[in-house]
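Novice: Below is a structure I'd like to ask you about.
The values are calculated or read from the model by the stated rules, or taken from the named source; none is laboratory data. None of the values given here were measured: they were computed from a predicted structure. Cβ atoms come from the backbone with ideal geometry, glycine included; neighbour counts cover every protein chain shown.
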Ligand SMILES: Nc1ncnc2c1ncn2[C@@H]1O[C@H](COP(=O)(O)OP(=O)(O)O)[C@@H](O)[C@H]1O
Ligand SMILES: [Mg+2]
């Protein structure tokens, strides 16, 4: 097998065959890209104030739009790491100005695959041996892209295995990207570092954890064992002796991603069973384990029609541990009684940091009524024993709520983000779960345990 010489750092070489033998991690190149963005953003401000000074219409909103597009362009160059931070923050309507939230929400990551020699090198670095010595069979062609790596098929002792191989240097580049971009991005968006710090820290922590495959192995093993009793779920076994911080080996699970699965026209019964398995999985993690697979993205589940519908769960790279008081607060907010009790809701929102003692009465009123509307809708599945996620009216109402929140001047102009940083991943988890269940059009026993 051809191998990469030891002294050739992944920073330097470039490849021609459309696959990566190196990563575009040159700090100089990225810094240059950012300097350019800084200039464009500066130019946008000049245009904005110039138009204003001649009395023409140029809203702060337009300025944000233009800057968001620029910032997005620059962040897109950075292998998704910083963009992912931005995207996470964008999901919280309370944190970023609307223009940025919208732009970042559209983010897509595309990374060319690692070349064969580089894959061999990463495995050699991890095990001291080539993958062909470690495994009985190893396919150098990646089967799937992963966010910061790629997944290969292998076989050992007749067992089909999935080997997730992390891009070399990606953990360091995430760290340096964040350091490089944060001050610029905050300035462009007009956010105060001290105010967004807890949110950024929360997202950065999760993101850096995702680069630690040893941690993913521990969490995947643990949650898989703790959820083993739940019906119609499948978890891969992980193999510590075939894994490292940058290589993760587990059973190969069969099944299809949601989109392909739905194209086979599974029956309502099958979709219900799959949906129920997902609901039970999340319910048990949220309320019993107090830690949750916080990335219910369609790529992280492999679905099968066999046995009436099963769900293979992948990717424990992002796990949110829920502090007991946060769990308590979250549950209380979703409780049916809270909906009809504005005083209780006010108390809970204050605890959650959404309301402050020094807020004006009008502002308090705004948050309470906005949250009441949100909780009425989002909490609906919890208030009845069985819920039909296939109800098109429900999805439409959820989307309308999202749009409505984005239009609220109070939230649009808000300069100081609000609410507990722990809610970022909890909200994301429910948003993801609801999206899966509505796509499945599943009827699920929700509250009825
Ligand atoms: N154990 C597995 N069996 C079969 N396919 C897998 C397995 N693990 C990962 N994959 C495939 O690789 C893709 C990316 O893996 P994932 O662990 O989700 O990476 P990432 O952490 O980057 O999101 C999955 O969507 C799936 O298609
Ligand atoms: Mg994944």
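Novice: Can you tell me which residues in the stretch 431-449 are crowded, with 19+ Cβ neighbours inside 10 Å and at pLDDT below 90? Write out each step before concluding.
Specialist: Filtering the stretch 431-449 down to residues crowded, with 19+ Cβ neighbours inside 10 Å leaves 432-433, 436-437, 440, 442-444, 446.
Residue satisfying the conditions is 432 alone.
Novice: Looking at the stretch 271-294 only, could you name the residues that are crowded, with 19+ Cβ neighbours inside 10 Å and in a strand (DSSP E or B)?
Specialist: 292, 293
Novice: Shifting gears a bit: Identify, please: which residue in the stretch 238-260 is in contact (Cβ under 8 Å) with a residue 12 or more places away in the chain, more than 12 Å from ligand 1 (Cβ to nearest atom) and not in a loop (DSSP other than H, G, I, E, B) and is, among those, surrounded by the fewest Cβ atoms within 10 Å (Cβ to Cβ)?
Specialist: 240
Novice: Then there's this: Which members of the stretch 110-139 meet the condition of being part of a loop (DSSP other than H, G, I, E, B) and within 16 Å of ligand 1 (Cβ to nearest atom)? Outline the logic, then answer.
Specialist: Our first condition is that a residue be part of a loop (DSSP other than H, G, I, E, B); within the stretch 110-139, this holds for 110-113, 115, 128-130, 135-136, 139.
Selection gives 110, 111, 112, 113, 135, 139.
Novice: Quick check on the stretch 388-421: of everything there that is assigned to a loop (DSSP other than H, G, I, E, B) and at pLDDT 90 or above, which residue is surrounded by the most Cβ atoms within 10 Å (Cβ to Cβ)?
Specialist: First, the residues of the stretch 388-421 that are assigned to a loop (DSSP other than H, G, I, E, B): 389-391, 408, 413-421.
With at pLDDT 90 or above added as a condition, the list becomes 389-391.
Values: 389: 24, 390: 18, 391: 14.
For the stretch 388-421, the residue satisfying everything is 389.
Novice: Criterion first (more than 15 Å from ligand 2 (Cβ to nearest atom), in contact (Cβ under 8 Å) with a residue 60 or more places away in the chain and farther than 16 Å from residue 217 by Cα) does residue 147 satisfy it?
Specialist: Spelling it out, it is not the case that residue 147 is more than 15 Å from ligand 2 (Cβ to nearest atom), in contact (Cβ under 8 Å) with a residue 60 or more places away in the chain and farther than 16 Å from residue 217 by Cα.
Novice: So how many residues does the stretch 362-389 have that are touching a strand residue (DSSP E or B) at 6+ places or on another chain (Cβ under 9 Å) and in contact (Cβ under 8 Å) with a residue 60 or more places away in the chain?
Specialist: Of all residues in the stretch 362-389, those touching a strand residue (DSSP E or B) at 6+ places or on another chain (Cβ under 9 Å) come to 380-381, 385-389.
Then drop every residue that is not in contact (Cβ under 8 Å) with a residue 60 or more places away in the chain, which leaves 381, 385-386, 389.
Counting residues in the stretch 362-389 that are touching a strand residue (DSSP E or B) at 6+ places or on another chain (Cβ under 9 Å) and in contact (Cβ under 8 Å) with a residue 60 or more places away in the chain gives 4.
Novice: Mind counting the residues in the stretch 295-334 that are more than 16 Å from ligand 2 (Cβ to nearest atom), at negative phi and in a helix (DSSP H, G or I)?
Specialist: Taking the stretch 295-334 and keeping what is more than 16 Å from ligand 2 (Cβ to nearest atom), we get 304-310, 321-334.
Now restrict to residues that are at negative phi: 304-306, 310, 321-334.
Then keep just the ones that are in a helix (DSSP H, G or I); that gives 306, 324-334.
Result for the stretch 295-334: 12.
Novice: Restricting attention to helices (runs of 4 or more DSSP H) lying wholly within the stretch 150-227, give those where 2 or more residues are buried (at least 16 other Cβ atoms within 10 Å of the Cβ) and out of contact with any strand residue (DSSP E or B) (no Cβ under 7 Å at 6 or more places or on another chain).
Specialist: Details: elements: 170-189, 193-209, 213-226.
Per the criteria, 170-189, 193-209.
Novice: Count, please, the residues in the stretch 290-304 that happen to be within 7 Å of ligand 1 (Cβ to nearest atom), under 19 Å from residue 206 (Cβ atoms) and modelled with pLDDT of 90 or more.
Specialist: So the answer is 1.
To keep it simple, each residue is scored yes or no on (1) farther than 23 Å from residue 275 by Cβ; (2) in the same structural domain as residue 333 (by TED's automatic domain parsing).
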{"position": "357", "(1), (2)": "yes, yes"}
{"position": "369", "(1), (2)": "yes, yes"}
{"position": "379", "(1), (2)": "no, yes"}
{"position": "389", "(1), (2)": "no, yes"}
{"position": "401", "(1), (2)": "no, yes"}
{"position": "404", "(1), (2)": "yes, yes"}
{"position": "409", "(1), (2)": "yes, yes"}
{"position": "417", "(1), (2)": "yes, yes"}
{"position": "426", "(1), (2)": "no, no"}
